[in-house]
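Visitor: Okay, handing you the structure first.
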Amino acid sequence: MKNGIKEKIYEKLDKAKAQNNALINSLKDRASLTDYGFLMKSDGEKELWADAFQAAIDEHEIVVIPARKKPYYIEKQIVIPSNRRIEANGATIRQTPDCSVLMLRNSNTADGTHRPICDIEKNYNISIDGGRWEEMRSARGGYGKSGKYDEERSFFGVSSLFFFNNMENLTLTNITFAHTAGFCVQAGDIKNAVFENIRFESCYADGLHINGNTKNLICRNVSGEVGDDLVALNVYDWQNSSVDFGPMDTVLCENLELSKSSGYKALRIEPGRYYFDDGSEIDCSLKDTIIKNVKGIRTFKMYYQTPGYNIGESPERGDVGSADNLFFENIKIDLCDPIDKLPPYVDSDPVRGSFAAFELGANIGYLCLENIDLTLYKENFPYSYLVCCGPKSVLMGNYEVFDPYLSSKVKTLELKNITVNKERVQSVRGIVREIEFDDVNEDGRSTARGSIEEIILDGKKVNSK
């Protein structure tokens, strides 16, 4: 089923990448950063290149940062206009330790937190090739402490080294990020975005953090050590980590490898419904997405989640989002323990303790899992599964971590060539669970269920019960 849709996804993304490359190749005016060395400053220990960098990128289409052993220190934010390319192969660009704002952003950024972004001129055709881009951090900084949009944190949801939004035709290739306290790259409200050959070394939050209103996205050959998601498709997100809310479609995430040393081996995919200040809402949906050839990820999280709240209080306003035509292929998962080491999961609570390689909490039309090699440890965690669908709940005293009042459903789940503990799956019994809560918190608002209308296993419809 649905092979035609996959072919169309590839076709659209091939065209998007070709358009980006044609725009890159149209740029001719070239300068070296060292041509602007007269603007370089020194603090007595380090060469500070921000003024030189900004002048070069303002005046030339292509700026080359020459390779050298000594790093180029950047002490303030660099703003990139349209039709610009940075070439930095062999160079290390390092943010000074007292700089708490973004290193790079595009010039026409916009904040879509309070209302949709419209009638604001977009940027076009920005690319960066090569270079090692660093902060000087040793741990995650926390929102508002590093990677701010500006000193006033006027874009509350930005926390990153690079930030790009309200633009088209972004290409980042052959880049290494290191020692970042916030996200390495945050992007949204963007069309035709290509991230290829991206490496993370000792990074402490998300690697690629992609938010809503995104169309035609390629994340290919992405690897390394991060503290949170290697790639996050947070179409909906909390206000402290997004300024872009809306749908995402036509996505390829291919050849992803999370290092064993990474602290949190999950990949977040978060549809949801978001409400603007005037009460209008938008479905931050995800559709036409292929995620394939993935190593090192233990759990794929596909559910809406509010910030935690105390029982008796109202959680943040929102609702489950939608998704359709999602394809996961060629993934090996060792579900040796729950990704969230919280009491219900660790202690195998029969009501709240289910966890899975794929945790679903969205209204999904079609989801296909193909060539999945899963290892389960039922003797230790009897409520571990390939797929769980439905609400989640972890109560810590009076504090609810998840949203046990939200129901969700999948119309069609197709499974192809699924292996569990080295045996080809012949039945979904014991590997797929629909979760149901009946006032689980005894608060009158914790009843919900997940349902899967149809399961197709290797071409045949099967019963999930």
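The values are calculated or read from the model by the stated rules, or taken from the named source; none is laboratory data. This structure is a prediction, so every number in the text was calculated from the model and none was measured. In this analysis, Cβ positions are derived from the backbone assuming ideal geometry, glycine residues included, and neighbour counts consider all displayed protein chains. What goes into the accessible areas is simple: the full protein's heavy atoms, side chains included, and nothing from ligands, DNA or RNA. Shrake-Rupley method; radii C 1.70, N 1.55, O 1.52, S 1.80 Å.
Visitor: Can you pull out every residue in the range 34-56 that is part of a helix (DSSP H, G or I), in contact with a strand residue (DSSP E or B) (Cβ under 8 Å, 6 or more places away or on another chain) and either among the hydrophobic types (A, V, I, L, M, F, W, C) or open to solvent by 60 Å² or more (accessible area, probe 1.4 Å) (or both)?
Guide: Within the range 34-56, 50, 53, 56 meet the criteria.
Visitor: Next question. All but one of (1) modelled with pLDDT of 95 or more; (2) more than 23 Å from the chain's Cα centre (by Cα) hold for residue 107, so report the exception by its number.
Guide: In the conditions (1) modelled with pLDDT of 95 or more; (2) more than 23 Å from the chain's Cα centre (by Cα), residue 107 misses (2) alone.
Visitor: Right, another one. Exactly one condition in (1) open to solvent by 10 Å² or more (accessible area, probe 1.4 Å); (2) in a strand (DSSP E or B); (3) in contact (Cβ under 8 Å) with a residue 60 or more places away in the chain is false for residue 167; which is it?
Guide: Status for residue 167: all satisfied but (1).
Visitor: Counting only residues that are under 25 Å from the mean Cα position of the chain (by Cα) and among the small types (Gly, Ala, Ser), which one in the range 384-442 is nearest to residue 334 (Cα to Cα)?
Guide: 384
Visitor: Hey, another quick one. Please specify each residue of the range 233-254 satisfying the condition of being within 16 Å of residue 300 (Cβ to Cβ), not in a loop (DSSP other than H, G, I, E, B) and not hydrophobic (A, V, I, L, M, F, W, C).
Guide: 254 - this is the single residue of the range 233-254 that is within 16 Å of residue 300 (Cβ to Cβ), not in a loop (DSSP other than H, G, I, E, B) and not hydrophobic (A, V, I, L, M, F, W, C).
Visitor: In the range 444-465, how many are at pLDDT below 95, surrounded by 16 or more Cβ atoms within 10 Å (Cβ to Cβ) and either aliphatic (A, V, I, L, M) or assigned to a strand (DSSP E or B) (or both)?
Guide: 1
Visitor: How do the strands (runs of 3 or more DSSP E) wholly within the range 350-389 filter down when requiring 1 or more residues that are of a type in the set (S, T, N, Q) and under 25 Å from residue 234 (Cα atoms): which remain?
Guide: In the range 350-389, the matching strands (runs of 3 or more DSSP E) lie at 363-375, 384-389.
Visitor: Got a sec? Which of 31, 16, 110 is in contact with a strand residue (DSSP E or B) (Cβ under 9 Å, 6 or more places away or on another chain) and assigned to a loop (DSSP other than H, G, I, E, B)?
Guide: 110 is the lone residue from the list that is in contact with a strand residue (DSSP E or B) (Cβ under 9 Å, 6 or more places away or on another chain) and assigned to a loop (DSSP other than H, G, I, E, B).
Visitor: Return the pairs, sorted by first residue and then second, in which the second residue is among the polar types (S, T, N, Q) and part of a strand (DSSP E or B), the first residue lies in the range 263-289 and is touching a residue at least 40 places away in the same chain (Cβ under 8 Å) and more than 19 Å from residue 228 (Cβ to Cβ), the beta carbons are less than 6 Å apart, and the residues are 6+ apart or on different chains.
Guide: Listed by first residue and then by second, the contacts come to 285/322; 287/325; 288/250; 288/325.
Visitor: Which numbered condition in (1) touching a residue at least 60 places away in the same chain (Cβ under 8 Å); (2) farther than 19 Å from residue 149 by Cα is the only one that residue 222 fails?
Guide: It is condition (1) that residue 222 fails.
Visitor: For the range 77-95, which residues satisfy the criterion of being assigned to a loop (DSSP other than H, G, I, E, B) and surrounded by fewer than 17 Cβ atoms within 10 Å (Cβ to Cβ)?
Guide: 81, 89, 90
Visitor: Looking at (1) touching a helix residue (DSSP H, G or I) at 6+ places or on another chain (Cβ under 9 Å); (2) within 20 Å of residue 116 (Cβ to Cβ); (3) surrounded by fewer than 24 Cβ atoms within 10 Å (Cβ to Cβ), can you tell me which one residue 193 breaks?
Guide: Result: residue 193 fails condition (3) only.
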